[in-house]
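Chemist: First the structure, then my questions, so here it is.
The values are calculated or read from the model by the stated rules, or taken from the named source; none is laboratory data. Quantities reported herein were computed from a predicted structural model and do not represent experimental measurements. Every residue, glycine among them, receives a Cβ derived from its backbone with ideal geometry; neighbour counts consider all protein chains shown.
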Amino acid sequence: MNIPQPYLDLAIKIVYLVGVLLFLTVFALLAVWFERKVSAHVQDRLGPMETGKWHGWSQTIADTIKLLIKEDIIPIAADKKLFRLAPYVVFIGSLAGFAVLPFAANLIGSDLNIGVYYVIAVTSLVVIGILMAGWASNNKWALYGAMRSAAQMVSYEIPVALSLLIPVIMAGTMSMEQIVHNQAGGFWNWYVFRTFPFSLVGFVIYFWASLAETNRTPFDIPEAESELVAGYHVEYSGMRFAIFFLAEYGNMFVVSAIASTVFLGGWQAPFPFLEFIPGPFWFIGKAMTLVLIQMWIRWTLPRLRVDQLMHVCWKIFLPFSFANLLLVGLWVVLVG
Amino acid sequence: MMETKELNIPLGMTPERWEKFNLVSRASGERMTLQMGPQHPATHGVLRLELETDGEVVTKVTPYIGYLHRCFEKMAESVTYPQIIPYADRMDYLSSMNMELGYVLAVEKLMGIEVNERVQTLRVLVCELNRIGSHCVALGTYGLDLGAWTPLLYLFQAREHILDLLEELSGARMLFNYIRIGGLANDLPNGWTDKVREFCDFMAPKIPELNDLLSYNKIFIERTANVGVMSPEVAIAYGVTGPNLRASGVDWDMRRDAPYSGYENYEFEPQLGRGEFGQVGDCWDRYIVRVREMDESLKIIRQALDRLPDGDVKEKIPRSFGKMPVGEVYISTEAPRGELGIYLVSDGTNKPYRVKARSGAYCAVSALPAFSVGVLIADLVAIVASIDIVLGEVDR
């Protein structure tokens, strides 16, 4: 084989990218179905039962096909270029997060030495896409959704970043792979349980702030169905809407996967004797558990108002995560 | 100068609050007009609100109605008295029994018919059942508008139970056409009262469950307490009635204060807003008053079941309505969405000369601009949900 190394690397990366795209699509299809079932059972219903016979498992596939073959509608007054571009920006924002998710030891798109930093940066891209969508739609409701989203972003980003710094301090590195390696050997070594209770508080803050990041109840303010009709994607239909949807579910997975990577030991088994089970099982399992909790919360709680979200983020999450960060730093310096 | 300034203060706003609000909203000066509805998910049908907004602050609300106007009053002039009952059903389609009762009582008053006690008791029974069903929808959609989906489904289960009962009774699930002039369409099916008792036992624990899930939820309280405070003065000035009026602390319930259909024989307490988490008359009060009213309705249903006397459900009334007494009557009843007043003018023919319906929801909508200025859009959604309007009744 005389293929030059750079081409080989590129080929591997492309294969990985296709793999991640496939994973994301399958995950989104499954998660939408799963969410319907979860919401149905929370609400004492059955949910989809017909399509595909077994508990309506193929309902989302049918819905996606319907969305894909729908007429492509762009409002006359819309800014057409931005309108077309926005869903892809949102989607890329959530897809780029997958690059540094360690599915297992050495199964990672790119083990950046600034992995955590990178994640915080690229997931913020989603908001740019939302702003573009809201502005380009030329619809007042969409504009409100976009503005709320921008206001929301500056509120949750800081607690998220500060909470993610806790494991970084404890691990002494920003590489996702390295952070997971440091948590080997059973669940008591996971960062969420070390420096108890500070990192646990950090984990909880991250989880709640990540609900704001994924625009889910109680922080689904930018798309608040009963207030803003659908918020920033009110004018979108068909395939573009499907891409927004895909990105939303992709984002849910990304934030949950990050939480499980930096706090819950990533692909490490909870007990040493369970290590024969491959890493992706634990990684996806942990992330899915968090996704399940996200869904559970969504179907239980009402929605906060936009100023209440600010209050929660700036006056509660922010001081707590600051104090947390200082205390963890102190702990690391004193205890080691 | 001072005078004009004070005149501009919207009713229901204190001067201090108005000044504070002006400081915030006049700073930027630019307003945006926003059409909320008629196809907006939070306007409960086809209400259109024209909002003037400054950022997310609503500086002016103008409700526009008429999208569901179905000419009830005009149509009533061209059909005979019994034929109007199905039209009355369609006013507030969520509490058709109460609508029927109001109209039928007016006709009976005009004709001077006294119905027997069984009919009266059964009317109270079905009306209270329907009131619970109607409040279930009101509270469920309230939660829905604030982003809580699940209470809606739980409440619809309870309502489903009621609809099944009423279907067994009248053959219809929403528009019953059950209460007739001088009686009822038919007597009870076998075993129906036992099923109602079963329902009471089923419903009683549902209310604490709802309280756990939604009423005392911290987020829900934050969203609704101190929001959209309707002072008693505003409520009375705009003729707001029913649960909305009682939530503002005004002790007024037609069932107790001007009893009809034998309501004076039942023990129940009109529930008033107490301002537990904020001010009296805020959105939370309007919510909890309805929750507590469901309890009271259950009480009335149980009493009605206990006393249900024997009798004929069809009184002897003239076969045709050809010879009606000439004159006019007005009767008002307590429907789930406020006072339903029916004004009837008869010219002696078999068709009424004029029918006028006074609806509680209409007054509640008209009061909207008075107490929802200076709130956020999200609050406005809560306020519209809290006054619980059915556009069928508003537009008639």
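Chemist: Could you list all residues from region A:263-298 that are closer than 30 Å to residue B:145 by Cβ and buried (at least 19 other Cβ atoms within 10 Å of the Cβ)?
Modeler: If the condition is that a residue be closer than 30 Å to residue B:145 by Cβ and buried (at least 19 other Cβ atoms within 10 Å of the Cβ), then A:290, A:291, A:294, A:295, A:298 are the ones that fit.
Chemist: How about region B:53-65: which of its residues are at pLDDT below 85 and either more than 14 Å from chain A (Cβ to nearest Cβ) or touching a Lys or Arg at 6+ places or on another chain (Cβ under 9 Å) (or both)?
Modeler: Result: B:53, B:54, B:56, B:59, B:60.
Chemist: Within region B:148-166, take every residue that is more than 21 Å from the chain's Cα centre (by Cα) and within 14 Å of another protein chain (Cβ to nearest Cβ) and give me the one that is nearest to residue B:287 (Cα to Cα).
Modeler: Among them, the one singled out is B:148.
Chemist: I would also like to ask the following. Filter region A:180-209 for residues that are assigned to a helix (DSSP H, G or I) and either among the hydrophobic types (A, V, I, L, M, F, W, C) or in contact with a strand residue (DSSP E or B) (Cβ under 6 Å, 6 or more places away or on another chain) (or both) and give the result.
Modeler: Applying the first criterion (assigned to a helix (DSSP H, G or I)) to region A:180-209 yields A:180-181, A:187-189, A:198-209.
Matches in region A:180-209: A:180, A:187, A:188, A:198, A:200, A:201, A:203, A:204, A:205, A:207, A:208, A:209.
Chemist: Within the bounds of region A:188-209, is there any residue that is within 14 Å of chain B (Cβ to nearest Cβ) and within 30 Å of residue B:220 (Cα to Cα)? Show your work before the answer.
Modeler: Taking region A:188-209 and keeping what is within 14 Å of chain B (Cβ to nearest Cβ), we get A:208.
Right, trim to within 30 Å of residue B:220 (Cα to Cα) and you get A:208.
Checking region A:188-209: at least one residue is within 14 Å of chain B (Cβ to nearest Cβ) and within 30 Å of residue B:220 (Cα to Cα).
Chemist: Mind counting the residues in region B:68-104 that are part of a loop (DSSP other than H, G, I, E, B), more than 20 Å from the chain's Cα centre (by Cα) and either under 25 Å from residue B:254 (Cα atoms) or among the polar types (S, T, N, Q) (or both)?
Modeler: 3
Chemist: If you go through region A:37-58 one residue at a time, how many are without any contact (Cβ under 8 Å) to a residue 24 or more places away in the chain and in a helix (DSSP H, G or I)?
Modeler: 6
Chemist: When the residues of region A:136-179 are filtered to those that are assigned to a helix (DSSP H, G or I) and of a type in the set (Val, Ile, Thr), which remaining residue is surrounded by the most Cβ atoms within 10 Å (Cβ to Cβ)?
Modeler: Per the criteria, the residue is A:166.
Chemist: Where in region B:280-396 are the helices (runs of 4 or more DSSP H), entirely inside, with at least 3 residues that are at pLDDT 85 or above and touching a Phe, Trp or Tyr at 6+ places or on another chain (Cβ under 6 Å)?
Modeler: Answer list for region B:280-396: B:283-307, B:360-371.
Chemist: Can you spot a residue in region A:309-322 that is more than 14 Å from chain B (Cβ to nearest Cβ), farther than 29 Å from residue A:221 by Cβ, in a helix (DSSP H, G or I) and in contact (Cβ under 8 Å) with a residue 12 or more places away in the chain? Give the derivation first.
Modeler: Just the residues of region A:309-322 that are more than 14 Å from chain B (Cβ to nearest Cβ), to begin with: A:313-314, A:317-322.
With farther than 29 Å from residue A:221 by Cβ added as a condition, the list becomes none.
No - not one qualifying residue is present in region A:309-322.
Chemist: Could you please find all residues in region A:59-84 being part of a loop (DSSP other than H, G, I, E, B) and crowded, with 18+ Cβ neighbours inside 10 Å? Spell out the reasoning first.
Modeler: Keep residues of region A:59-84 that are part of a loop (DSSP other than H, G, I, E, B), which gives A:69-79.
Matches in region A:59-84: A:78 only.
Chemist: Any idea how many residues of region B:254-297 are farther than 18 Å from residue B:364 by Cα, under 16 Å from the mean Cα position of the chain (by Cα) and aliphatic (A, V, I, L, M)?
Modeler: Of the residues in region B:254-297, 2 are farther than 18 Å from residue B:364 by Cα, under 16 Å from the mean Cα position of the chain (by Cα) and aliphatic (A, V, I, L, M).
Chemist: Kindly establish whether residue B:347 is closer than 30 Å to residue B:194 by Cα and surrounded by fewer than 17 Cβ atoms within 10 Å (Cβ to Cβ).
Modeler: Spelling it out, it is not the case that residue B:347 is closer than 30 Å to residue B:194 by Cα and surrounded by fewer than 17 Cβ atoms within 10 Å (Cβ to Cβ).
Chemist: Here's something else I'd like to know. Hey, any hits in region A:215-226 for a residue that's over 23 Å from residue A:313 (Cα atoms), outside any helix (DSSP H, G or I) and within 14 Å of another protein chain (Cβ to nearest Cβ)?
Modeler: Within region A:215-226, none of the residues are over 23 Å from residue A:313 (Cα atoms), outside any helix (DSSP H, G or I) and within 14 Å of another protein chain (Cβ to nearest Cβ).
Chemist: Here's another thing I want to ask about it. Would you pick out the residues in region B:296-316 that are buried (at least 17 other Cβ atoms within 10 Å of the Cβ) and within 17 Å of residue B:112 (Cβ to Cβ)?
Modeler: B:315
Chemist: Being small (Gly, Ala, Ser) and either within 16 Å of residue B:333 (Cα to Cα) or within 23 Å of the chain's Cα centre (by Cα) (or both) is the filter here, so list the residues in region B:105-115 that pass it.
Modeler: B:106 - this is the single residue of region B:105-115 that is small (Gly, Ala, Ser) and either within 16 Å of residue B:333 (Cα to Cα) or within 23 Å of the chain's Cα centre (by Cα) (or both).
Chemist: Condition first: more than 14 Å from chain B (Cβ to nearest Cβ), surrounded by 11 or more Cβ atoms within 10 Å (Cβ to Cβ) and assigned to a loop (DSSP other than H, G, I, E, B). Can you find one or more residues in region A:12-20 that meet it?
Modeler: Checked region A:12-20: no residue is more than 14 Å from chain B (Cβ to nearest Cβ), surrounded by 11 or more Cβ atoms within 10 Å (Cβ to Cβ) and assigned to a loop (DSSP other than H, G, I, E, B).
Chemist: Those residues that are of a type in the set (D, E, K, R) and either buried (at least 22 other Cβ atoms within 10 Å of the Cβ) or in contact with a helix residue (DSSP H, G or I) (Cβ under 9 Å, 6 or more places away or on another chain) (or both), I need them from region B:222-255; list them, please.
Modeler: B:222, B:223, B:246, B:251, B:253, B:255, listed by residue number.
Chemist: Is it the case that some residue within region B:307-325 is closer than 25 Å to residue B:245 by Cβ and either free of Cβ contacts under 8 Å to residues at least 40 places away in the same chain or of a type outside the set (A, V, I, L, M, F, W, C) (or both)?
Modeler: No, because not a single residue in region B:307-325 is closer than 25 Å to residue B:245 by Cβ and either free of Cβ contacts under 8 Å to residues at least 40 places away in the same chain or of a type outside the set (A, V, I, L, M, F, W, C) (or both).
Chemist: Quick one: would you say residue B:240 is outside any helix (DSSP H, G or I) and within 14 Å of chain A (Cβ to nearest Cβ)?
Modeler: no
Chemist: Further question on the same structure: Answer yes or no: is there a residue in region B:167-177 that is within 14 Å of chain A (Cβ to nearest Cβ), among the hydroxyl-bearing types (Ser, Thr, Tyr) and assigned to a helix (DSSP H, G or I).
Modeler: Taking every residue of region B:167-177 in turn, none turns out to be within 14 Å of chain A (Cβ to nearest Cβ), among the hydroxyl-bearing types (Ser, Thr, Tyr) and assigned to a helix (DSSP H, G or I).
Chemist: If I ask for residues that are under 23 Å from residue B:99 (Cβ atoms) and of a type in the set (Gly, Ala, Ser), which ones from region B:260-316 would you list?
Modeler: The answer is B:261, B:262, B:297, B:304.
Chemist: Hey, any hits in region B:131-147 for a residue that's in a loop (DSSP other than H, G, I, E, B), more than 21 Å from the chain's Cα centre (by Cα) and within 14 Å of chain A (Cβ to nearest Cβ)?
Modeler: Taking every residue of region B:131-147 in turn, at least one turns out to be in a loop (DSSP other than H, G, I, E, B), more than 21 Å from the chain's Cα centre (by Cα) and within 14 Å of chain A (Cβ to nearest Cβ).
Chemist: If I filter region A:107-130 for residues that are among the small types (Gly, Ala, Ser), over 18 Å from residue A:176 (Cα atoms) and either surrounded by fewer than 22 Cβ atoms within 10 Å (Cβ to Cβ) or away from every other protein chain (no Cβ under 14 Å) (or both), do I get at least one hit?
Modeler: Checking region A:107-130: at least one residue is among the small types (Gly, Ala, Ser), over 18 Å from residue A:176 (Cα atoms) and either surrounded by fewer than 22 Cβ atoms within 10 Å (Cβ to Cβ) or away from every other protein chain (no Cβ under 14 Å) (or both).
Chemist: Among the numbered criteria (1) out of contact with any strand residue (DSSP E or B) (no Cβ under 6 Å at 6 or more places or on another chain); (2) at pLDDT 80 or above; (3) of a type in the set (A, V, I, L, M, F, W, C), which one does residue B:13 miss?
Modeler: Status for residue B:13: all satisfied but (2).
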